[in-house]
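These notes are about the structure you will find just below.
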Amino acid sequence: MSTQQAVLHQPWYRSLNRDQWKVLIASNLGWTFDGFEIFALFLTVGFALRQLLDAAEYATIPQYAGYILACTVFGWATGGVIGGIIADYIGRKRTMMLAILAYSLTTGLSALAWDWESFAVLRFLVGVAIGSEWATGASIVSELWPDHARGKGGGLLQCGAGIGGLLASGVWLLIGGTGPHAWRWMYLIGVLPAFVVLWIRRNIPESPRWERADERRRAALDLKRSGAALDRESMALTRFTVVDLFADRSVRRAFVCSFLMMLSVTFAYWGVATFIPTYVGGIATKAGLSAPYYSGLAGFITTGCGIVGFISLGFLADAIGRKPTAMLFYLMCLVLTPLVYLWGQNQDIGVVLFLVGVFGFFSLGIWAWAPVWLPELYPTRMRGTAVAFVFNAPRFISCLGPLVGGTLIVARGGYGWAATYVGLFFALGVLAAPFLPETRGQPLPEALAPGSSTASATATAAD
């Protein structure tokens, strides 16, 4: 039996070495901190604005909260794109450390905000740091984990977002009632991840794949400066990675289709799933039950089931393939949206909570396709840039999702048809996924994109 066959016949977790586990832990922690920070904002923004605004402006708190959330999402999109580019030039490990340090610093400074404008600016900077971290973690996990378990690694990485949300809820339950400054303490706690940077610096390796690509990039630049003729790969290495992403025809289909899939989930999720707590609270009120309690319970159920969904998508992607798994999750989100919002509105609260749990499994779990599949579609020289751009750039458009959803809710007199209309965007993912290459168990592309004749050979040689 060959070494490769022996690896495949043992439990997947035993085929991983210590460095691979450490990289996953570091990346998962980074995404957990990000999830904590985003959910902390959801929990505290109203309380913060009551201190940062004059009493006469309290009636407009929802409007100002929208500004704060928009600044955060805009920063997230901006930082995500920038962070991926930086990771392609200075390395995955170094970029991750810088992102976590920036996140910790700006989060701590948020606690010192003196008016809503300063709070908005600081939240934008926090968003920049949060966005920078994800693409780096997704890239380094995909580049260090073995081909047969890479999907599981992506799912385990993505579940950190849900864990962070649960942690934020737990911390807020403990400190939320300590006084009007509790929201400031929530952000000061966000400084603690800075200490993780020390552990990352000492314990995780840099990606060997990135190191090889960086060596090839430096060699190609030296050749260009000397005036020597460059082959196609060397020409690509000398281009700025964003230019390379748009100029390389071999990744064009993957880029367009994966961008549409990401736009589909970001627009539909922000326009549908974010209304779940309010929607469940409304049903509870009609039944004579406590709206705050059932809204909070719906949030916990959605997040808890979402964590299971993240992990399940990764395992399914390794078992049956990236394409059928992604299509299944998109299709289920498309079907479940009207089931939850149209059929569910006339059901008992217990049935509604069950539906919300199933919806959370798929509508949150669906995000895990990105760290599982995206890194396998692009060569190492541009992987950080491509993954970051595809994952984050749609947020510039999807910020319209809640605005469209909210407008339709008012126009249609309820959540049912409004959510169903916005949820149709999930269909875009179902339609785009078949045009992407199936990459389950295949080596990561090093020099060329999947689908080109020499991609697999190049990747195998690099391994």
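The values are calculated or read from the model by the stated rules, or taken from the named source; none is laboratory data. Just so it is clear, the model here is predicted, and its values are computed rather than measured. Ideal geometry is used to build each Cβ from the backbone, glycine not excepted, and the neighbour counts take in all protein chains shown. Each accessible area value is taken on the protein alone, full model and side chains, heavy atoms only, with ligands, DNA and RNA left out. Shrake-Rupley method; radii C 1.70, N 1.55, O 1.52, S 1.80 Å.
Can you find a residue that is within 21 Å of F36 (Cα to Cα) and without any contact (Cβ under 8 Å) to a residue 60 or more places away in the chain anywhere in region 328-351? Steps first, answer last, please.
Kept after step one, since they are within 21 Å of F36 (Cα to Cα), are these residues of region 328-351: none.
The answer is no, given that none of the residues of region 328-351 is within 21 Å of F36 (Cα to Cα) and without any contact (Cβ under 8 Å) to a residue 60 or more places away in the chain.
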> Is it the case that L313 is open to solvent by 20 Å² or more (accessible area, probe 1.4 Å) and in contact with a helix residue (DSSP H, G or I) (Cβ under 7 Å, 6 or more places away or on another chain)?
Replying inline: no
> What about Y58, is it of a type in the set (F, W, Y) and over 27 Å from P375 (Cα atoms)?
Replying inline: yes
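Would you please name the residue that is modelled with the highest pLDDT, looking only at residues in region 5-14 that are surrounded by 12 or more Cβ atoms within 10 Å (Cβ to Cβ) and under 22 Å from P208 (Cα atoms)?
Checking each candidate, the answer is W12.
When region 316-350 is examined, which residues are found to be of a type in the set (A, V, I, L, M) and within 15 Å of A418 (Cα to Cα)?
Hits for region 316-350 are L334, V335, L336, L339, V340, L342.
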> Do we find a residue being more than 22 Å from H181 (Cα to Cα) and open to solvent by less than 10 Å² (accessible area, probe 1.4 Å) anywhere in region 100-119?
Replying inline: yes
> Restricting the search to region 422-458, which residues are more than 18 Å from A370 (Cβ to Cβ) and modelled with pLDDT of 90 or more?
Replying inline: A427
> Looking only at residues in region 15-47 that are modelled with pLDDT of 85 or more and of a type in the set (V, I, T), which one is most open to solvent (accessible area, probe 1.4 Å)?
Replying inline: I25
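Conditions (1) open to solvent by 10 Å² or more (accessible area, probe 1.4 Å); (2) more than 30 Å from P434 (Cβ to Cβ); (3) in a helix (DSSP H, G or I), marked per residue:
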{"residue": "R218", "(1), (2), (3)": "yes, yes, yes"}
{"residue": "A229", "(1), (2), (3)": "yes, yes, no"}
{"residue": "L245", "(1), (2), (3)": "no, no, yes"}
{"residue": "S250", "(1), (2), (3)": "yes, no, yes"}
{"residue": "F255", "(1), (2), (3)": "yes, no, yes"}
{"residue": "V280", "(1), (2), (3)": "no, yes, yes"}
{"residue": "Y294", "(1), (2), (3)": "yes, yes, yes"}
> When you go through I301, I320, I349, I307 one by one, which is the residue that is farther than 19 Å from A168 by Cβ and open to solvent by less than 50 Å² (accessible area, probe 1.4 Å)?
Replying inline: I349
